[in-house]
Amino acid sequence: RAKEMGGGRVEVYAPHMHADVVRRLELGSDLQRALAEEQFAVEFQPVVDLATSRVTSVEALLRWWRGSEAVPPEEFIGPAEEAGLMPPLGDWVLREACREVARWREDSWEIGLSVNFTARQIGAPRFVETVAAVLDETGLPPHALTLEVREEVLVDDGTNVERLEALRDLGVRLAIDDFGTGYASLAYLGRLPVDVIKIDPSFVAGLGTDETSTLLTRTIVRLGSDLGLTVVAEGIERPEQLELLREMGCPRGQGYLVARPMAAGRVESLVRTNLAGGGDDVSGEIPLP
Ligand code: C2E
Ligand code: MG
Ligand code: MG
Ligand code: MG
């Protein structure tokens, strides 16, 4: 903006803006150090089949342990992008998560993995090649991996859509995250190779208490099913929500009521202590209310 206003003028920043810029710069260098010092971890949140309680997949969620404090992703992913760190950090998450899930699958446990990506990550050089290389390296079959993107990614830029299509051609699946909150037109559902829609938690929050949220959730579940897509309800916290979602025929669910995001080892023990028949039958059920 200062540039646009032409030479000879001194742009005066409001003090709070300055503080924000400084904070971002500091966060940027903290992040750089964090990456070097391995302060990052990946957690996994189970997604279940609502009819059978089976764990069908896990969502990888990035955690930054700065000292003993966990910094929420919403606070550091934006700054990490601005500092140009998201490509290496995102690649790291993908590799870690694929490695873990590929290992689980060796025990004949049919489980899928979803990983979140921002528009800029998808637009980074050699994105498609990197994803393909990680799959190859870790042995995770492409169909076991789902990329989660927000609707905005699909409106932004034709290149990103082409890249997602290229990955889809390899067998990788595509999920629309926070469905219903973005600015994209529904028309993209007919044009793009979308496999999964994740109902935004803001709709799920009002299930049973707010008429509009309940109606919208029901409509999204029906839309998804009519289009042959898998629908995942996100942010299930209360038993009434779970009950209503089942009644609506929502196929999949995720939320604190089902399971919190947790370290890989905890997912394993959670599933192993809940094996249906024991023995070789690795069914991976979570008892639900
Ligand atoms: P998201 O992809 O929509 O992930 C779901 C978020 O909802 C996670 O927050 C999860 O911990 C939280 N959540 C799950 N169940 C419940 C529930 O029942 N109640 C409530 N209140 N929250 C629930 P988290 O881990 O803080 O991540 C926030 C966002 O940060 C994610 O939203 C995603 O957009 C982004 N993110 C996280 N990890 C990554 C990553 O590795 N790469 C990228 N690009 N983005 C990431
Ligand atoms: Mg997500
Ligand atoms: Mg979401
Ligand atoms: Mg979200």
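A short reminder: the numbers here are calculations on the coordinates, not readings from a lab. Please read all numbers here as calculations on a predicted model, not as lab measurements. All Cβ positions, glycine included, derive from the backbone under ideal geometry; neighbour counts span all protein chains shown.
Helix 86-106 and the longest principal axis of the C-alpha atoms of the chain enclose an angle of approximately 10°.
Across the alpha-carbon set of the chain, the Rg to Rh ratio works out to 1.00, Rh being the Kirkwood radius. Taking label positions 7 Å along the Cα-Cβ direction at both Trp65 and Leu223, the computed distance is 4.0 nm, reported to one decimal.
The share of C-alpha pairs in segment 25-140 whose separation exceeds 23 Å stands at 35 percent.
Please give the contour-minus-distance gain from Thr52 to Thr209: 0.36 nm per residue of separation, less the Cα-Cα distance, rounded to one decimal in nm.
Details: separation 157, 0.36 × 157 = 56.52 nm, distance 2.56 nm.
Separation in residues times 0.36 nm, less the Cα-Cα distance, equals 54.0 nm.
The slack between Ala41 and Ser108, meaning 0.36 nm per residue of separation minus the straight C-alpha distance, is 21.6 nm. Computed over the alpha-carbon pairs of segment 20-73, the distance histogram in 5 Å steps reads 5, 16, 19, 18, 12, 10, 8, 6, 5, 1, 0 percent, short to long.
Between Arg272 and Gln32, the FRET efficiency from the beta-carbon distance, with R0 = 30 Å, is close to 0.20. Remark on Ala233: its backbone amide H falls under 5 Å from those of Ile199, Arg252, Gly253, Gln254, a criterion applied only to residues 5 or more positions apart or on other chains, H modelled at 1.01 Å from N.
Contact order normalised by length for the chain, with contacts defined as Cα pairs under 8 Å and 6 or more residues apart; what percent is it?
Numbers: 449 pairs, mean separation 51.1, N = 289.
Rounded, it is 18 percent for the chain.
Measuring r between the beta carbons of Tyr256 and Arg23 and using R0 = 22 Å, the FRET efficiency lands at 0.15.
Just to be sure I follow the definition: excluding the sites themselves, where is the longest run in the chain that has none of the trypsin sites (Lys or Arg not before Pro) in a DSSP loop with at most 11 other Cβ atoms within 10 Å?
Details: sites that count: Arg1, Lys3, Arg9, Arg126.
Of all site-free stretches, the longest is 127-289.
For segment 130-183 versus segment 199-221, the inter-centroid distance based on Cα atoms is 26 Å. Which residues make up the longest stretch of the chain clear of chymotrypsin sites (Phe, Trp or Tyr not before Pro) that lie in a DSSP loop with no more than 13 other Cβ atoms within 10 Å, not counting the sites? Longest run free of exposed loop sites: 14-182. Hey, what angle do you get for helix 239-248 against the long axis of the chain, alpha-carbon based, 0 to 90 degrees rounded to 10? In the chain, helix 239-248 runs at an angle near 70 degrees to the longest axis.
For segment 144-246, the fraction of alpha-carbon pairs lying more than 18 Å apart is 47 percent, rounded to a whole number. Rounded to the nearest 10 degrees, the inclination of helix 211-226 to the longest alpha-carbon principal axis of the chain is 70 degrees. Near the amide H of Gly112, within less than 5 Å, lie the amide hydrogens of Ser57, Val58, all on another chain or at least 5 residues away, with H placed in the peptide plane.
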